[in-house]
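The values are calculated or read from the model by the stated rules, or taken from the named source; none is laboratory data. Small disclaimer: the values here were computed from a predicted structure and weren't measured. A quick note on method: Cβ atoms are made from the backbone with ideal geometry, for glycine too, and the neighbour counts reach across all protein chains shown. Accessible surface is based on the protein model in full, side chains and every heavy atom, while ligands, DNA and RNA are left aside. Shrake-Rupley method; radii C 1.70, N 1.55, O 1.52, S 1.80 Å.
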Amino acid sequence: MMKEKINEETTEVLESSVPEELQKYLEADENAISDIDGVLEDIDNKKESLNSEKEESEKEFDNRLAEFQDMIAKEREAALEDFARREQDLDAEKSRIEDIKLEQQSKQVNYIDSLKEISDTYNSKINTIEEAIKACEDNETLTKALEEEKEKLLQTLESSYNDRILELNDALKEVGFDSEPSIDPDTEINLDFRTDEEKERDSKKQINKSYLTPDTEINLDFRTEEEKERDLLKELETGKINLDNNLDLLNISDENEVVDYEAREDVINDIYQSKDIMEGHVFPYLKSIME
Amino acid sequence: MDKLEYALVTLKNNKQYFVLEDILYQYDTYDLILNVEDENDVKIVLQEVKNGKTVFTPLEDKDLLKTLSPLFEERIKIKQSNIK
């Protein structure tokens, strides 16, 4: 506005104060002013062009941003789907193994009942024979019969135990323990026919697995490998057992196990910018795989 | 354990690696790792959890490696352009 006003006033002054016959002497001024107007117009055009370019650039940035957001959203969605699928798989696997555990726990109850029944039957027989021995004093035939009954009891219990071990090993295989059976069917059963004195003497050396009398505690280990491992970890934490002797059992002797880690994106960014490492080692490795 | 991507990890065998990238592919996580002391020791490993411990298991399946390689390459290029 101000400029326009100055221009108008200047023109008025020139027109009013310069005689007509002298106008020709102002031609150079008019040409110069006209040139300046031309330059101003040029600048206005450039400014207009710059504004168009700016708008175009903004649009492009907006598009790229939208594309990037879309890509990230898709990536996120795919990752979440993956996680959901993995969670479902784990839930299904957990449910399957819990069913197996429940089945085995139910069988364990039956097995214990069966063991007690065998024990009761044979104890009843043994008691009868022992009473008969007392009645007939040292009767060799009855003593022999007693020994035979005890032997039968041992065999019956052992056979029942071996059947149960095979059943448990099958269950362990079913839950993913594919290696050697974790329970040895040939494990010796230590049925305890010792006197109280003998028991006391040996109590510190041996675990008592006797089923013979009703008061005897049944001490077979029905734990799954997972439960054993959990118990072992507890014992390790409390220092009850030595770690070095149990590494294999825990299966933590893997040399490639990550024992420590530290976020170092700063260093890794430098590596990414190192041509020597990226072009010299990393990309050639990836390309060699693709060949 | 937190995400190991862009971390410096120490293995039980005392070797140290930079985890340049990690990729989730078909439910498993794979890492591209670079030995701190030996630039020639670059490899793709499977990141597994065994008995609660994180383990880097070397990959021998060539088809799987072929599939993973371009994915890592792409990720590296994106990361490089982001750094610039």
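Table: residues versus (1) assigned to a helix (DSSP H, G or I); (2) modelled with pLDDT under 80.
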| residue | (1), (2) |
| --- | --- |
| A:K116 | yes, no |
| A:E148 | yes, yes |
| A:Q155 | yes, no |
| A:S159 | yes, no |
| A:D170 | yes, no |
| A:S179 | no, yes |
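Quick one: which of A:E103, A:E87, A:E151 is loosely packed, with under 12 Cβ neighbours inside 10 Å, assigned by TED's automatic domain parsing to the domain that holds A:K173 and more than 30 Å from B:D22 (Cβ to Cβ)? Write out each step before concluding.
Details: A:E103 fails: loosely packed, with under 12 Cβ neighbours inside 10 Å; A:E87 fails: more than 30 Å from B:D22 (Cβ to Cβ).
After ruling out the rest, the residue left standing is A:E151.
For A:I126, state whether it is out of contact with any Pro (no Cβ under 9 Å at 6 or more places or on another chain), β-branched (V, I, T) and in contact (Cβ under 8 Å) with a residue 40 or more places away in the chain. Step through it out loud before you land on a result.
Values: out of contact with any Pro (no Cβ under 9 Å at 6 or more places or on another chain): yes; β-branched (V, I, T): yes; in contact (Cβ under 8 Å) with a residue 40 or more places away in the chain: no.
Against the criterion (out of contact with any Pro (no Cβ under 9 Å at 6 or more places or on another chain), β-branched (V, I, T) and in contact (Cβ under 8 Å) with a residue 40 or more places away in the chain), A:I126 does not qualify.
If we scan the stretch B:67-83, do we find a residue that is β-branched (V, I, T), open to solvent by 40 Å² or more (accessible area, probe 1.4 Å) and within 15 Å of A:M278 (Cβ to Cβ)?
Restricting attention to the stretch B:67-83, the residues satisfying the condition of being β-branched (V, I, T) are B:67, B:76, B:78, B:83.
Cutting the leftovers down to open to solvent by 40 Å² or more (accessible area, probe 1.4 Å) gives us B:67, B:78, B:83.
Filter once more, keeping what is within 15 Å of A:M278 (Cβ to Cβ): B:78, B:83.
Yes, the stretch B:67-83 contains at least one residue that is β-branched (V, I, T), open to solvent by 40 Å² or more (accessible area, probe 1.4 Å) and within 15 Å of A:M278 (Cβ to Cβ).
Scan the stretch B:46-56 and tell me whether some residue there is within 27 Å of A:E279 (Cβ to Cβ), at the interface with another protein chain (Cβ under 8 Å from one of its Cβ atoms), free of Cβ contacts under 8 Å to residues at least 40 places away in the same chain and not small (G, A, S).
Filtering the stretch B:46-56 down to residues within 27 Å of A:E279 (Cβ to Cβ) leaves B:46-47, B:56.
Those left that are additionally at the interface with another protein chain (Cβ under 8 Å from one of its Cβ atoms): B:56.
From the residues that got through so far, the ones that are free of Cβ contacts under 8 Å to residues at least 40 places away in the same chain too are none.
Checked the stretch B:46-56: no residue is within 27 Å of A:E279 (Cβ to Cβ), at the interface with another protein chain (Cβ under 8 Å from one of its Cβ atoms), free of Cβ contacts under 8 Å to residues at least 40 places away in the same chain and not small (G, A, S).
List pairs: first in the stretch A:85-100 and more than 10 Å from every other protein chain (Cβ to nearest Cβ), second surrounded by 11 or more Cβ atoms within 10 Å (Cβ to Cβ), Cβ under 7 Å, 6+ apart or cross-chain?
A:I97/A:V175; A:I100/A:A171; A:I100/A:E174; A:I100/A:V175
Residue under question is B:I33, and the condition is that it be modelled with pLDDT under 90 and either loosely packed, with under 13 Cβ neighbours inside 10 Å or of a type outside the set (K, R) (or both); does it hold?
Spelling it out, it is not the case that B:I33 is modelled with pLDDT under 90 and either loosely packed, with under 13 Cβ neighbours inside 10 Å or of a type outside the set (K, R) (or both).
Of everything in the stretch A:46-93, what is polar (S, T, N, Q), within 44 Å of the chain's Cα centre (by Cα) and farther than 19 Å from B:Y27 by Cα? Give them in sequence order. Can you show your working first?
Here is the first cut: in the stretch A:46-93, the ones polar (S, T, N, Q) are A:49, A:51-52, A:57, A:63, A:69, A:88.
Imposing the further condition that a residue be within 44 Å of the chain's Cα centre (by Cα) reduces the set to A:63, A:69, A:88.
If the condition is that a residue be polar (S, T, N, Q), within 44 Å of the chain's Cα centre (by Cα) and farther than 19 Å from B:Y27 by Cα, then A:N63, A:Q69 are the ones that fit.
Every residue in the stretch A:281-291 that is within 7 Å of another protein chain (Cβ to nearest Cβ) and out of contact with any helix residue (DSSP H, G or I) (no Cβ under 9 Å at 6 or more places or on another chain), please.
Hit for the stretch A:281-291 is A:H281, nothing else.
Which numbered condition in (1) surrounded by 13 or more Cβ atoms within 10 Å (Cβ to Cβ); (2) more than 13 Å from A:V282 (Cα to Cα) is the only one that B:N13 fails?
Here B:N13 clears every test but (1).
Restricting the stretch B:42-64 to residues that are within 12 Å of the chain's Cα centre (by Cα) and of a type outside the set (V, I, T), which is least open to solvent (accessible area, probe 1.4 Å)? Write out each step before concluding.
Of the residues in the stretch B:42-64, the ones within 12 Å of the chain's Cα centre (by Cα) are B:42-48, B:55-59.
Narrowing further to those that are of a type outside the set (V, I, T): B:43, B:46-48, B:56, B:58-59.
Values: B:K43: 63, B:L46: 27, B:Q47: 48, B:E48: 56, B:F56: 4, B:P58: 73, B:L59: 35 Å².
Among them, the one singled out is B:F56.
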